[in-house]
Amino acid sequence: MTMNAKQNYKWNELTMGTCYYPEHWDKKLWADDLDRMKKTGISVIRIAEFAWSKVEPEEGVFTYDFFDEFLDLCSEKQMKVIFGTPTATPPAWLTEKYPEVLNARKDGVLLRHGGRRHYNYNSPVYQRLCARVVEREAAHYAKHPAIVGWQIDNEINCEVDEFYSEADSVAFREFLRKQYGTLEKLNEAWGTTFWNQTYTAWDQIYVLRPVLTRGINPHQHLDYIRFISESARHFCKMQAEIIKKYVKPGDYITTNGKFWNLDNHKMEKESLDVYCYDSYPDFAFGLDRDPLHSDDLNDRKWSHNLAEVRSICPHFGIMEQQSGGNGWTTRMESPSPRPGQLTLWAMQSVAHGADYISFFRWRTCTFGTEIYWHGILDYDNRENRKYREVQDFYRKLKAIDGVCNSEYKAAFAIVKDYDNEWDTSVDVWHNRVAGASEQGIFKAAQLTHTPYDIVYLQEDSELTDLTKYPVLFYAHPVLISEERVKLLKEYVEQGVFGYYKIPESYYEAFIKWEKEQHGFTVEKKWMRFSPGVVAAFHWFVQILSEPGDAVIVNTPVYYPFLHAVKNNNRKLICSDLINEDGKYHIDYEDFEKKIAENQVKIFILCSPHNPAGRVWKKEELKTLFEICRKHQVYVISDEIHHDLIFSKHPHVPSLSVGEYTD
């Protein structure tokens, strides 16, 4: 479990779902849709997060028939439901009658009805009306047997994470009063003597407004972001406390997405039973990007996003997992995923701790702004390639059901805190430095297949939250409290910078296993440890050779062998295996010729060979090693799968071919 990450709900098996909008479709489609979902392995759907008018079509007039009918059908079809509160899209009657609920641009122009998330959190009117509709929905629907969970709002702080309404300025002043108490203390904290910004009355203070050359006071800006975070959390908590009064035992409260200017860790602790994320790696290939020449590893960087989510909630869900090309009619154009990419991206989520995968969406909408945000099914409603891939993904998912609730094992941790994250976001100088550092750490970890966690320093952080990691990176903190200094000093005083001592029983078990299984005696002094075999490839390539040196492999081979060479700026030499009668053999003549011609320094051996499926015989290894000794070539032998072989083909440890080892 990552630092201070607590959760009240966990899935007991790997589960697959989708997002469904019954209000978008003729009721005649409902039953068939649910039946076909069940055929793919989908057992949970999310509904209703944009359907306020289906429940309250006019102010104070509540109707429940629409979702009653649909939920009853879900019960009949044994489909579980996550019910969304509708507060992300207030109805037209509300925003027309109460324009004070609307968010505004920095220049004061209101953001009008027709989009989504165009409200502000601090309008007393909006808080009252949201509380009422959530109360009515929860009181009526929460006991329905089909419902298993509740989603609060939709993607809190998505689309817009800045708020400039009059209600926000009023609430901001109150936030500052609580924080500073007096204007004297506020002026001191903000350094308002610079450029004569001193405030003499609370009413002189507003949320950020347009200033010349964007020269906003950075200390005011940081407090403004803290204020936004508190406002969003309060809005979420208000709804959660209402829903908790009505939910059935075992049902959970969540929300979706991880967005900006928001302390997601506090929000999860205060209001949620489990956390969900929306994962759209296809953004990496958007028409506004150049993926062939990017330096951020494209869709692999979603691994970093998922590590952030895991820091909030170790066993999280994906409420919206990419299932097709995406885009609005106005922006975010991204291509259709290639065959296998849906599986790749969904498994990426599972590998980082997701126990629930919900594909967005069941069927592409035929109207509205998101007509290009494609679902599993396309407009024609036919069972297409994506439908079949989702079916196949479910089979793969259930084959690894045992990983549900498993712990992610990290080799190191990146340490963060929200004050520094927010302060960096408004400081162009520090943003460059922090961005380069974080990107560098991420790429180095990815290219060496070294797993890491992200941990946030919080008010209740303890030493034990840090000591599980042998190495911490806390890059460029500008703001730091005495409590955090004390905590980090205690970690450093532990005096362990690397992996902790391995117990003697570990050595004994491995030595015994090798002797009993392979008749080979391993000496303890030979043994060293790494966070993974792939990371070890990279280390040995760096230790045993110099940039530009040649490294040879037998191909086809497990692709990280190739990365260990190329990503360390070594010259890759491939000696192809010969496929005769369905069995791979080593081409010794080609192997030695290429070693001699290229002055090869290292040979990376795969034994047993992946993916050729060969268990090398002792005579074959002898021949390889004779060639390597003749040309003074180091041998790195990957034998991690040496126990996954048929009994008729005994594994020969490379070190047991003794006359060729030093």
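Taking amide H as placed 1.01 Å from N in the peptide plane, the amide H of residue 377 sits under 5 Å from that of 363, 364, each at least 5 places away or on another chain. Surface exposure of the stretch 24-140, expressed per residue as accessible area with a 1.4 Å probe, stands at 41 Å².
Residue by residue, the stretch 8-13 carries 3J(HN,Hα) couplings of 9, 9, 9, 6, 9, 7 Hz when phi is fed to the Karplus relation 6.51 cos²θ - 1.76 cosθ + 1.60 (θ = phi - 60°); x denotes Gly or Pro. Scanning residues 5 or more positions from residue 276 or on other chains, those with amide H under 5 Å from its amide H are 255, 257, 317, with H placed 1.01 Å from N in the peptide plane. Of the GluC sites (Glu not before Pro) found in the stretch 495-602, those that fall in a DSSP loop while having at most 15 other beta-carbon atoms within 10 Å are 523.
With N denoting the number of residues in the stretch 558-662, provide Rg(C-alpha) divided by 2.2 N^0.38 Å, to two decimal places. Mind dumping the intermediate values first?
Details: Rg = 13.6 Å, N = 105, 2.2 N^0.38 = 12.9 Å.
That works out to 1.06 for the stretch 558-662.
Computing mean projected area of the Cα convex hull in nm² directly from the structure and comparing it against (i) 46.6; (ii) 37.7; (iii) 34.8 singles out (iii). In degrees between 0 and 90, to the nearest 10, how far off the longest principal axis of the chain does helix 65-77 point, with axes built from Cα atoms? So the inclination is approximately 30 degrees.
Here the Karplus relation 6.51 cos²θ - 1.76 cosθ + 1.60, evaluated at θ = phi - 60°, turns the backbone of the stretch 36-51 into coupling constants of 5, 4, 4, 5, 7, x, 6, 10, 9, 10, 9, 9, 6, 6, 10, 10 Hz, with x for every Gly and Pro. To put it simply, the accessible area of the stretch 68-167 at a 1.4 Å probe is 50 percent carbon and sulfur.
What 222 nm value per residue comes from the helices of the chain, counting each DSSP H run with n ≥ 4 as -39,500 (n - 2.57) and dividing by all residues, nearest 500 deg cm²/dmol?
Details: 21 runs with 248 residues, N = 662.
Calculated mean residue ellipticity at 222 nm is -11500 deg cm²/dmol.
Beyond a 19 Å Cα-Cα separation, which of these cross-linked pairs lie in this structure: 566/594; 10/80; 269/489; 10/244; 566/601; 80/143? Violating the 19 Å Cα-Cα cut-off are 269/489. Taking the 1.4 Å solvent-accessible surface of the stretch 236-318 as the whole, the part contributed by carbon and sulfur is 55%. Counting only residues at least eight positions apart within a chain, or on another chain, the aspartates and glutamates with an alpha carbon under 17 Å from that of residue 583 are 619, 620. Normalised by the number of residues in the chain, the average gap of Cα pairs under 8 Å and 6 or more apart makes the relative contact order 11 percent.
Does the stretch 1-118 classify as rounded, prolate or oblate by the C-alpha gyration tensor (a ≥ b ≥ c root eigenvalues; a/c under 1.5 gives rounded; else a/b over b/c gives prolate, otherwise oblate)?
Working: a/c = 2.55, a/b = 1.39, b/c = 1.83.
Oblate is the answer for the stretch 1-118, as a/c is 1.5 or above yet b/c matches or exceeds a/b.
Among 301/396; 178/266; 398/617, which pairs are too far apart, with a Cα-Cα distance over 25 Å? Don't skip to the answer; put the middle values down first.
Details: 301/396 23 Å; 178/266 19 Å; 398/617 36 Å.
From 301/396; 178/266; 398/617, over 25 Å: 398/617.
Quick check: from the Cα gyration tensor, does the stretch 1-69 come out rounded (a/c under 1.5), prolate or oblate? Please report the intermediate quantities before stating the final value.
Numbers: a/c = 3.45, a/b = 1.36, b/c = 2.53.
Since a/c reaches 1.5 but b/c is at least a/b, the shape of the stretch 1-69 is classed as oblate.
A 1.4 Å probe run over the protein chains yields, for the stretch 302-445, 39 Å² of accessible area per residue, whole-number rounding.
Within the straight-line cut-off of under 15 Å between alpha carbons, the aspartates and glutamates reachable from residue 386 are 282, 378, sequence neighbours fewer than 8 places apart in one chain being disregarded. Ignoring the sites themselves, the chain has its longest run without trypsin sites (Lys or Arg not before Pro) in a DSSP loop having at most 10 other Cβ atoms within 10 Å at 1-244.
Sparse packing (at most 12 other Cβ atoms within 10 Å of the Cβ) combined with a DSSP loop state is found for the following GluC sites (Glu not before Pro) in the stretch 1-65: 59. Scanning residues 5 or more positions from residue 452 or on other chains, those with amide H under 5 Å from its amide H are 411, with H placed 1.01 Å from N in the peptide plane.
Each residue of the stretch 100-110 was assigned a 3J(HN,Hα) from its phi angle through the Karplus curve 6.51 cos²θ - 1.76 cosθ + 1.60 (θ = phi - 60°); the sequence is 5, 7, 7, 6, 9, 6, 4, 7, x, 5, 6 Hz, with glycine and proline shown as x.
Beta-bridge orientation, the chain: approximately 10 percent antiparallel, per DSSP, counting only bridges with both partners inside. In summary, the lysines within cross-link reach of residue 28, defined as a Cα separation below 19 angstrom excluding same-chain residues under 8 places away, comprise 38, 39, 54, 77. Is the stretch 191-321 best put as rounded, prolate or oblate by its Cα gyration tensor, with a ≥ b ≥ c the root eigenvalues, rounded for a/c under 1.5, and otherwise prolate when a/b is larger than b/c, oblate when not? Oblate, since a/c reaches 1.5 and b/c is not below a/b. Rolling a 1.4 Å probe over the protein heavy atoms of the stretch 571-662, with every protein chain left in place, gives an accessible area that is 48 percent carbon and sulfur.
Send over a whole-number figure in Å² for the accessible area per residue of the stretch 588-652, probe 1.4 Å. Can you show the working numbers first?
Details: 3740 Å² over 65 residues.
Result: 58 Å² per residue.
The values are calculated or read from the model by the stated rules, or taken from the named source; none is laboratory data. The structure displayed is predicted, hence computed values, not measured ones. Please note: Cβ atoms are built from the backbone with ideal geometry, for glycine as well, and neighbour counts cover all protein chains shown. Heads up: the accessible areas ignore ligands, DNA and RNA and are worked out on the full protein's heavy atoms, side chains in. Shrake-Rupley method; radii C 1.70, N 1.55, O 1.52, S 1.80 Å.
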